[in-house]
1. Quick one: Karplus J couplings for segment 45-55, per residue in order, coefficients 6.51, -1.76, 1.60, θ = phi - 60°, nearest Hz, x for Gly and Pro?
2. What is the gain in length, in nm to one decimal, between Ala212 and Ser431 on full extension, counting 0.36 nm per residue of separation less the C-alpha to C-alpha distance?
3. Could you work out how much longer the chain between Ile42 and Gln472 gets when fully extended? Use 0.36 nm per residue separation minus the Cα distance between them, nm to one decimal.
4. Which distance in Å, rounded to a whole number, links the C-alpha centroids of segment 167-235 and segment 51-78?
5. Output wanted: per-residue J couplings in Hz (rounded whole) for segment 465-471, from phi through Karplus 6.51 cos²θ - 1.76 cosθ + 1.60, θ = phi - 60°, x for Gly and Pro.
6. Using only the Cα atoms, work out Rg/Rh for segment 330-457, with Rh taken as the Kirkwood radius, to two decimals.
7. At 1.4 Å probe size, put Ile138, Ile458, Ile407 in order of accessible surface, largest to smallest.
8. Taking 0.36 nm per residue of separation and subtracting the Cα-Cα distance, what length does fully extending Ala129 through Asn400 add?
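The values are calculated or read from the model by the stated rules, or taken from the named source; none is laboratory data. Note that the structure is predicted; figures quoted are calculated from it, not measured. These area figures cover heavy atoms from the full protein model, side chains too; ligands, DNA and RNA do not enter into them. Shrake-Rupley method; radii C 1.70, N 1.55, O 1.52, S 1.80 Å.
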Amino acid sequence: MGEETLRAEQTETCEKTASRSSRFCAKLQSCPKPHGFTASVITKALLGLLLFGVVWAVTGPACLPGQNFFGLVVLFLSAVCGGKLISVFTLPRMHPIPALLGMLLAGVVLRNVPYVTDAVYIDHSWSSALRNVALAVILTRAGLGLNAAALRRLKGVCVRVAVGPCVTEACAVAVVAHFLLELPWIWSFMLGFVLAAVSPAVVVPSMLLLQAEGLGVQKGVPTLLMAAGSFDDILAITGFTTCLGIAFGTGSTWMNVGKGVLEVLAGVLAGGVMGILLHLFPSEDQPDVVLRRCCLLLGLSVFSVFGSLAAGLGGAGGLCTLVLAFSAGLSWAEQKAPVAAVVGRFWDVFQPLLFGLIGAEINISSLSAYTVGLGVSALFVGLLVRVSVTFCMVLFAGFNMKEKIFISLAWMPKATVQAAIGSTALDVARSIGDEQLQKFGMDVLTVAVLAILITAPIGALAIGLSGPKLLQRKDTHAHDQRVDGLETKL
């Protein structure tokens with residue numbers, strides 16, 4: 001009897017507990033829950049606090065103000081917030097101002113506000129290493145984004161739009177920078193190729209928005225600019241890496257030129273070999289093949305960038321990463337999409353770090369108005385040449401006057417490539433310890449940051465405001481078009 005009574009009491013207690021729990025859950029379910037913008041802000045704030053708390057729990061005193069980990073965490077969170085805030089400002093029927101601009105400004109603010117800059121300290125070696133990792137990630141993403149079909153169809157207007165403005169702007173900036181900024185010729189051309197790249201981070205989202213509204217699709221304007229943009233960037237990066245190899249080479253000029261060409265060839269060859277390796281391994285019958293492909297791809301990309309620097313062939317790393325990602329994606333065909341999606345997630349993490357760290361390199365108090373003024377002058381001369389040459393490149397491509405003007409204006413924005421390679425020369429100069437070369441590297445970085453701050457918002461506004469006025473609207477049903485040798489399916 002005693003045992004039966006005890007079991008009955010336990011059963012009754014369990015039933016009462018379950019009843020209370022169910023009533024509590026019902027009340028909890030009936031409570032209003034935060035949602036929408038408020039819930040998003042609270043969630044991100046909790047994630048930010050959690051990130052700081054985890055880093056503090058692991059590193060302890062190294063995460064206190066004035067220490068490296070504290071600076072990195074604060075810069076990352078500030079860059080994320082800056083990107084979100086600036087993306088809020090938009091005009092009707094326009095793509096928002098690129099978040100990268102807010103990330104860059106966050107880094108500049110942290111570096112130049114009194115007392116804050118003392119607390120937010122970031123070691124130069126950590127900054128350089130993280131920027132190189134971000135460079136590897138963005139170049140991997142760019143390589144995966146290249147369209148092999150567009151490559152095969154590239155001729156006519158697409159080649160002209162990709163090559164002509166890039167080369168002429170690089171040469172124009174080089175001449176102006178040599179005589180105004182008093183940079184050596186090889187450094188002037190290095191600056192020219194840094195500024196000559198158009199920004200896919202600004203152009204591509206804006207073109208997708210116009211294409212969704214049926215603007216310019218009849219003549220293939222959005223497709224043309226998106227296809228040509230990737231090859232414009234590749235040409236600029238190739239020119240920059242060649243100049244970088246020559247600038248830091250020793251020996252005769254011809255030997256340095258040969259070394260620069262060797263770096264390009266080595267980067268292409270090594271990237272092709274590693275791309276073949278990724279085609280063979282991992283095999284498709286292995287579990288978690290997407291995860292393993294991502295790990296190998298990103299690991300080889302980061303190794304290429306750092307390995308080329310260690311081998312004294314710094315110019316080969318970026319090109320090797322581009323070729324590696326492109327050849328691997330080509331062999332994966334339709335299975336490339338999930339890998340590209342994972343790489344895109346990695347870029348979401350490293351983008352704030354890259355632009356925040358780039359902004360944190362700029363010390364406004366150490367900049368002279370002379371350097372800034374002449375750098376802006378070189379930038380605007382290059383932009384004037386780029387717009388004019390772009391207009392000439394599409395003169396006989398079957399576009400009307402309004403479409404020619406739009407293409408010229410849309411070819412201005414600069415951001416991603418400038419942030420990715422703008423500080424590379426400065427990092428190499430610091431590793432050597434040459435103060436004169438560090439000054440040249442800082443001049444290149446300063447003008448690259450000015451180019452982002454000036455052209456990214458102006459370019460986004462120019463595309464958003466001029467697109468509806470200059471481009472013809474057409475329903476976005478599927479049809480085939482051919483524009484001066486570029487066949488597109490819209």
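1. Result, ordered by residue: 5, 5, 4, x, 5, 5, 4, 5, x, 5, 5 Hz.
2. 74.1 nm
3. Numbers: separation 430, 0.36 × 430 = 154.80 nm, distance 4.28 nm.
Length difference between fully extended and current span is 150.5 nm.
4. Result: 37 Å between the Cα centres.
5. 7, 7, x, x, 8, 9, 9
6. Checking Rg against Rh, the ratio lands at 1.08.
7. On the way: Ile138 25, Ile458 85, Ile407 0 Å².
The most accessible residue leads, giving Ile458, Ile138, Ile407.
8. Length gained between Ala129 and Asn400: 92.8 nm.
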